[in-house]
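Q: Would you mind keeping the following structure in view while I ask a few things?
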Amino acid sequence: MNGVHDLGGMHGLGRVDVEDYEPVFHNPWEKLVFGTMVATMGQGLYNLDEFRHGIEVMEPAHYLTSSYYEHWLETIEKNLIEKGVIDRGELDARTQEFLKNPEAPVPQREDPELADRLLQLVHGGASSRREVSAKPRFEAGDRVRVRNVHPHGHTRLPQYVRDKQGVVERVYGAFVLPDKHAHGEGENPEYVYCVRFDAEEVWGDSAEPREAVSVDLWESYLESL
């Protein structure tokens with residue numbers, strides 16, 4: 001979907017401040033949000049693409065004025081409510097309890113087997129690569145054009161390369177298609193390609209000379225030239 005989350009090539013948003021020796025977490029509550037994401041996604045209550053899409057559909061002003069882990073908290077709540085794990089009334093009631101009594105103990109659960117499984121997930125990750133019998137449609141050196149599409153749902157296709165021409169640099173293999181996976185339509189794995197675009201093709205006259213940008217794109221995002 002086209003939204004404020006897709007910031008590539010946009011102007012007027014100010015400089016990106018890089019913090020020296022930036023900590024992993026700026027506030028203790030961010031650790032809890034990170035842990036909640038691992039515990040809920042790690043148990044299969046929602047998938048990574050549903051998680052990302054939940055951030056994309058945030059109210060634009062709220063998205064732009066909230067922090068990274070606030071985005072995470074927003075999509076965790078949204079997905080757990082939509083999956084029926086919790087309901088809005090229950091969430092609001094517990095929130096009010098802790099607002100009235102911030103020092104109240106947080107519920108604890110002892111499950112060493114689950115904790116060990118989630119720890120392995122954090123350390124090892126979970127690949128979305130899949131084996132497919134089909135051959136890749138493109139190979140390194142092929143010239144391609146990115147489809148000029150504007151999906152209403154989740155996509156990993158950034159706006160700034162749509163309808164642009166580039167050259168395939170590398171074929172990675174087949175991976176779960178986020179556009180379908182985010183909406184409960186199965187994995188539908190496709191080949192992913194690293195496509196190189198000349199800067200002038202993407203940015204026009206404002207591009208720096210002899211520069212390029214490489215973007216990883218799923219096969220259905222591309223057309224032959």
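The values are calculated or read from the model by the stated rules, or taken from the named source; none is laboratory data. Values in this document were obtained by computation on a predicted structure and should not be read as measured data. Methodologically, a virtual Cβ is constructed for each residue, glycine included, from the backbone with ideal geometry; neighbour enumeration extends over all protein chains shown.
Q: So in the stretch 197-213, with the set limited to residues that are of a type outside the set (Phe, Trp, Tyr) and surrounded by 14 or more Cβ atoms within 10 Å (Cβ to Cβ), which one is nearest to GLY9 (Cα to Cα)? So that I can check it myself, show each step before the final result.
A: Here is the first cut: in the stretch 197-213, the ones of a type outside the set (Phe, Trp, Tyr) are 198-202, 204-213.
Still in the running and surrounded by 14 or more Cβ atoms within 10 Å (Cβ to Cβ): 198-202, 207, 212-213.
Working: ASP198: 14, ALA199: 12, GLU200: 13, GLU201: 13, VAL202: 9, ALA207: 11, ALA212: 14, VAL213: 12 Å.
Per the stated criteria, the residue is VAL202.
Q: Could I ask something else about it? Among (1) at pLDDT below 95; (2) surrounded by 15 or more Cβ atoms within 10 Å (Cβ to Cβ); (3) within 20 Å of GLY184 (Cβ to Cβ), which single condition is MET1 missing?
A: (2)
Q: Can you tell me which residues in the stretch 90-112 are surrounded by fewer than 10 Cβ atoms within 10 Å (Cβ to Cβ) and under 23 Å from GLN43 (Cα atoms)?
A: Passing the criteria: VAL106, PRO107, GLN108, ARG109, GLU110, PRO112.
Q: Just to be sure, is LEU91 closer than 24 Å to HIS181 by Cβ and in a helix (DSSP H, G or I)? Before you say what the answer is, go through the steps one by one.
A: Working: closer than 24 Å to HIS181 by Cβ: no; in a helix (DSSP H, G or I): yes.
In short, no.
Q: Does PRO151 qualify as being touching a residue at least 12 places away in the same chain (Cβ under 8 Å), within 18 Å of the chain's Cα centre (by Cα) and surrounded by fewer than 16 Cβ atoms within 10 Å (Cβ to Cβ)? Spell out the reasoning first.
A: Working: touching a residue at least 12 places away in the same chain (Cβ under 8 Å): yes; within 18 Å of the chain's Cα centre (by Cα): yes; surrounded by fewer than 16 Cβ atoms within 10 Å (Cβ to Cβ): yes.
Here the answer is yes, as PRO151 does meet what is asked.
Q: Return only the number of the condition from (1) surrounded by 15 or more Cβ atoms within 10 Å (Cβ to Cβ); (2) in a helix (DSSP H, G or I); (3) touching a residue at least 24 places away in the same chain (Cβ under 8 Å) that LEU64 does not satisfy.
A: In the conditions (1) surrounded by 15 or more Cβ atoms within 10 Å (Cβ to Cβ); (2) in a helix (DSSP H, G or I); (3) touching a residue at least 24 places away in the same chain (Cβ under 8 Å), LEU64 misses (1) alone.
Q: Okay, moving on. Please list, ordered by first then second residue, the pairs with beta carbon atoms under 8 Å, 6 or more apart or interchain, first in the stretch 177-204 and not assigned by the TED database to the domain that holds HIS154, second part of a helix (DSSP H, G or I) and buried (at least 21 other Cβ atoms within 10 Å of the Cβ).
A: none
Q: When both residues are 6+ apart or on different chains and their Cβ atoms are under 7 Å apart, which pairs have a first residue that lies in the stretch 22-35 and is among the acidic types (Asp, Glu), and a second that is surrounded by 13 or more Cβ atoms within 10 Å (Cβ to Cβ)?
A: Qualifying pairs under 7 Å: GLU30/TYR69.
Q: Among (1) at pLDDT 95 or above; (2) among the aromatic types (Phe, Trp, Tyr); (3) farther than 19 Å from MET41 by Cα, where does PHE175 come up short?
A: Of the numbered conditions (1) at pLDDT 95 or above; (2) among the aromatic types (Phe, Trp, Tyr); (3) farther than 19 Å from MET41 by Cα, the odd one out for PHE175 is (3).
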